[in-house]
Amino acid sequence: MSDTPTIFKNLAIIAHVDHGKTSLVDQLLTSSGTMDHLDGAELIMDSNDQEKERGITIYAKNTSVVWKDIVMNVIDTPWHADFWSEVERVLRMVDSVLLVVDAYEWPMPQTKFVLKKALENGLHPIVVINKIDKPTARPDWVEDQLFDLFIQLGATDEQTDFPVIYTSARDGYAFLNLDDLAAAQANPSMEPLLDFIMEKVPDAPHEPQKPFRMQVVNLWYDNFVGRLGIGRIAEWTVSANQEVIVYKTDGTTKKAKISKIYRTVWVSRIDVTDGRCGDVVIVAGIPDIYVGDTIWEEGTTPYEPISIDEPTLSMDFLVNNSPFAGKEGKYVTSRNIVDRLEKELETNVGMRVDIHEWGNRCTVSGRGELHLSVLIETMRREWFELQVSSPQVILRTDANGKKEEPVERVAITVADDLSGTVIDLLAKRKWLMQNMQSENGLTNLEFDVPTRWLLGFRSDFILVTKGEWLVSSSFSHYAPYMGEIPKRINGSIVSWFKGKTMRFSIWKLQERGTIFVQPAQELYEGMVVWEAAKPGDLVVNLTKNKNQSNMRTGKNDENMILAPIRTLSLEDALSYIGTDEYVEITPENIRIRKIHLKESDRKLASKKNG
């Protein structure tokens with residue numbers, strides 16, 4: 001490490017989904033020469049399979065770019081509200097942020113929340129107006145909106161005087177003045193952005209004369225060396241095999257030895273002999289290291305502990321006991337599921353797991369539906385089989401003993417001709433409108449709504465808008481409990497028999513609701529096959545075929561035109577199910593089933609529950 005530069009600049013990138021954040025990082029890697037070492041890969045920061053498929057950033061991760069002998073640690077932050085506690089911790093490691101905004105769209109709720117946290121931490125954002133090549137680009141309007149937003153979020157005079165640079169991450173150019181657009185398009189280069197960052201981002205604090213100190217802000221896990229702590233070295237340096245003191249979040253201290261030190265070079269983790277002041281490093285050798293712990297030497301003081309946001313949503317994870325159990329998965333027992341959840345707790349600090357007495361049920365709590373669904377989808381891809389219950393919002397009690405529930409700010413964009421219908425639908429659900437803007441044929445709506453009321457609303461919303469809508473949400477505040485609400489108005493259509501679905505039966509019954517199953521698909525009794533068009537559940541036989549005879553008929557198979565069949569994603573299934581249903585998850589299928597498979601058992605359970 002003797003040839004490692006000693007000047008570090010640490011910055012995070014924050015942006016709403018699809019504003020070009022990840023593509024911008026790829027361009028930084030390309031322009032600095034880093035991409036030459038990566039075999040031409042694209043979207044380096046979204047390296048997880050789910051991130052690539054969803055087109056979003058789920059896990060905070062960092063890369064390093066060396067530009068003019070200065071190391072720039074770039075941290076890509078999650079955009080969704082479910083991962084904001086991780087974003088807040090990441091902001092402790094950086095000295096500035098790149099606020100990436102689309103050259104046409106207005107600032108979204110996620111942008112507002114993360115920006116607010118950055119301003120509260122005293123950071124001075126650099127504004128990158130991306131997608132400047134759009135025909136509809138309106139950078140002046142975007143700048144005005146951002147200035148108003150900064151004022152609204154309580155920015156200081158220095159923070160409102162934010163520097164701005166314009167980019168097209170897709171085409172690979174950046175420039176400082178709008179008059180230079182044509183010249184930038186003629187000679188595309190991202191070097192102006194790199195130079196701009198070097199000029200505007202302050203050097204990391206450098207106090208090598210003080211004893212070593214760093215705070216762990218994130219965790220990782222390695223199958224060979226165990227749990228890893230990630231943080232920025234605030235003072236002095238640290239070496240492998242060095243004796244240190246760990247100050248735990250509960251106030252206790254313990255001695256430990258750092259066995260290995262890693263740092264990120266390009267996008268690879270490499271083993272180094274020491275870490276230097278100002279750099280972001282990964283340390284191993286402390287098995288019980290946790291977020292907020294301070295690693296230090298005698299002669300200095302520990303940091304204040306980092307608070308971890310409490311979970312807002314929970315669901316039960318159970319062993320799959322459906323008639324199809326064990327046919328598709330590799331890990332199917334309660335021991336397999338418990339071991340996997342305990343491994344998840346090694347790094348997922350925002351999650352809680354409560355193992356029930358007999359071990360066949362675990363209550364898993366997280367920050368939201370996406371937080372939990374990412375875990376479930378990961379397990380599914382690891383060949384686990386399980387079933388999960390309907391998500392339930394976690395209420396809290398205030399100082400006066402009254403129940404409170406989480407409220408989210410929801411932003412919706414729909415066509416102008418649908419805005420009235422949407423407002424009418426959401427008003428019936430008691431959503432509270434906070435803002436409304438209409439421009440260029442699109443209406444932007446903002447509502448405050450309890451988290452409970454978001455569960456299950458998407459199916460009704462898709463029908464009203466015919467799928468032509470955009471929605472995003474962010475945690476806003478806690479409010480007094482607003483009473484019971486129905487999660488879903490329509491009932492479920494349930495299979496009566498085990499067997500294969502027949503095209504004829506689907507065709508005869510398709511007017512009764514929205515179809516979930518394909519022709520010739522295997523069914524079992526108690527499996528949900530339809531969303532009913534009316535309240536109340538209905539039991540049907542989809543295994544019945546058309547009677548064969550020698551008589552001619554016009555109702556040939558060719559005339560059996562089926563309505564579009566809705567293929568449920570994991571998020572769709574979790575939003576759909578009621579309290580009497582489970583989602584069955586296997587590596588190959590996602591099914592919805594009743595908790596009680598037999599109709600007679602369901603009737604008895606309904607009588608017991610009143």
Q | Around Ala186: net Lys/Arg minus Asp/Glu count, Cβ-Cβ under 14 Å | A | -4
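When the accessible area of segment 232-379 is computed with all protein chains present and a 1.4 Å probe, what percentage of it is carbon and sulfur? Numbers along the way, then the final one.
On the way: 3130 of 6410 Å².
On segment 232-379, the fraction of accessible area on carbon and sulfur atoms equals 49 percent.
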(Q) Report, in listed order, any pair from Lys9/Lys117; Lys330/Lys603; Lys21/Lys112 with a Cα-Cα distance greater than 23 Å. (A) Lys330/Lys603
Q) Over the chain, what is the mean sequence separation of C-alpha contacts under 8 Å (at least six apart), divided by residue count, expressed as relative contact order in percent? A) 10 percent
Q.
With +1 on the Cβ of every Lys and Arg and -1 on the Cβ of every Asp and Glu, and nothing else charged, how large is the dipole of segment 247-344 about its Cα centre, in debye rounded to the nearest 20?
A. 540 debye
Q. So how far apart, in nm, are the two label points at Asn440 and Ile7 if each is 7 Å from Cα heading toward Cβ?
A. 4.0 nm
Q: Provide the packing ranking of 334-347, 178-191, i.e. peptides ordered by the mean count of other C-beta atoms within 10 Å per residue, highest first.
A: 334-347, 178-191
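Heavy-atom accessible area per residue, segment 291-429, 1.4 Å probe: how many Å²?
Per-residue value: 44 Å².
Run through every distinct alpha carbon pair of segment 257-307 and return the Kirkwood hydrodynamic radius in angstroms, one decimal place. Walk me through the numbers before you get to the answer.
Values: mean 1/r = 0.0794 Å⁻¹.
Computed over segment 257-307, the radius equals 12.6 Å.
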Q) Given labels modelled 7 Å from the Cα in the Cβ direction, how far is it in nm from Lys248 to Thr273? A) 3.4 nm
(Q) Please enumerate, by chain and number, the lysines with C-alpha under 18 Å from the C-alpha of Lys248, excluding those fewer than 8 residues away in the same chain. (A) Lys257
**Q.** For segment 187-227: accessible area per residue (Å², 1.4 Å)
**A.** 52 Å²
Q. So what's segment 132-182 giving for Cα Rg divided by 2.2 N^0.38 Å, two decimals?
A. 1.30
Q: Per DSSP H run of at least 4 residues, take -39500 (n - 2.57); add these up for the chain, divide by its residues and hand me the 222 nm value, nearest 500 deg cm²/dmol.
A: -6500 deg cm²/dmol
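Just subtract the alpha-carbon distance of Leu562 and Asn400 from 0.36 nm times their residue separation and send over the number in nm, one decimal. Before the final figure, lay out each step's value.
Numbers: separation 162, 0.36 × 162 = 58.32 nm, distance 5.63 nm.
My answer for the length gained is 52.7 nm.
I need the calculated FRET efficiency for the pair Asp148 and Gln209, taking r as the beta carbon distance and R₀ as 51 Å, to the nearest 0.05. Don't jump to the answer; show the numbers that get you there.
Details: r = 44 Å, r/R0 = 0.86.
Calculated transfer efficiency: 0.70.
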Q) For Trp358 and Thr333 in one chain, what is 0.36 nm times their gap in residues minus the Cα-Cα distance, to one decimal in nm? A) 7.7 nm
(Q) Quick check on packing: order 8-15, 433-440 by the mean number of other C-beta atoms within 10 Å, highest mean leading. (A) 8-15, 433-440
Q | Sorted peptide list for 356-366, 494-504, criterion being average Cβ within 10 angstrom, highest first | A | 494-504, 356-366
**Q.** Carbon + sulfur, % of accessible area of segment 150-203 - ligands and nucleic acids excluded, 1.4 Å
**A.** 44 percent
Q | Spacing of the two label points (7 Å from each Cα toward its C-beta) at Asn121 and Lys608, in nm | A | 5.0 nm
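The values are calculated or read from the model by the stated rules, or taken from the named source; none is laboratory data. On a predicted model such as this, the values are computed, not experimentally measured, just so you know. Note that we place each Cβ from the backbone using ideal geometry, even for glycine, and neighbour counts take in every protein chain shown. The accessibility values were calculated without ligands, DNA or RNA, using every heavy atom of the protein model including side chains. Shrake-Rupley method; radii C 1.70, N 1.55, O 1.52, S 1.80 Å.
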